[in-house]
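One structure below.
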Amino acid sequence: MMSRFLERCSCVTKLNEAQAFFKHTIQLHTQAHDAFGEANDVQKLGEVQLQQNKLDEAQVSFKKALTLYQQAHSVLGEANSNQSLGCLYLQQDNLQEAELCLNHALHLYQKFQTPLRQATDLGLLPSLPVCKQLSLT
């Protein structure tokens, strides 16, 4: 029992350290006017925030990363941010936004020709009608 508690504390500490690290690297990329590097770090920060169950903060990070990837003309980065947002919206039961983001990610992955990512999104999309049915009952 105590072992699990210590593991959890260690995990929380590592997530907090990761969050601080990415906030620092984001500042460095901002100062260097490196939109792509900043986007990568903001995306990673969102993933850390998601692990911390800070869904609102993760959403802000993913949206910011999406904007930065668009500025950097990174189709793959844009697709990844849309996929992350889609998964986040699924967790929040925001099914309309989830469907929009996942479909957009799928379109971008097809454009970029990444079959593995396409398969991931195609695997997520069929669950949306079931989720919508459950939310109506």
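Numbers below:
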| read-out | value |
| --- | --- |
| ³J(HN,Hα) computed for each position of region 61-67 - Karplus, 6.51 cos²θ - 1.76 cosθ + 1.60, integer Hz, glycine/proline x | 5, 5, 5, 5, 4, 4, 4 |
| Simple spin-label estimate for Phe112 and Thr67 in nanometres, 7 Å along Cα-Cβ | 2.0 nm |
| Gain on full stretching of the segment that runs from Val12 to Leu28 - 0.36 nm per residue minus C-alpha separation | 3.3 nm |
| Neighbour-count ranking [beta-carbon atoms within 10 angstrom, fewest first] of Asp34, Asp41, Asp56 | Asp56, Asp34, Asp41 |
| Separation of alpha-carbon centers, region 15-29 and region 33-49, rounded to whole Å | 9 Å |
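Taken together, the values in this text are just the output of simple stated rules run on the coordinates, not laboratory data. Predicted model only: the values in this text are computed from it and were never measured. FYI the Cβ positions are ideal-geometry reconstructions off the backbone, even for glycines, and counts take in every protein chain you see.
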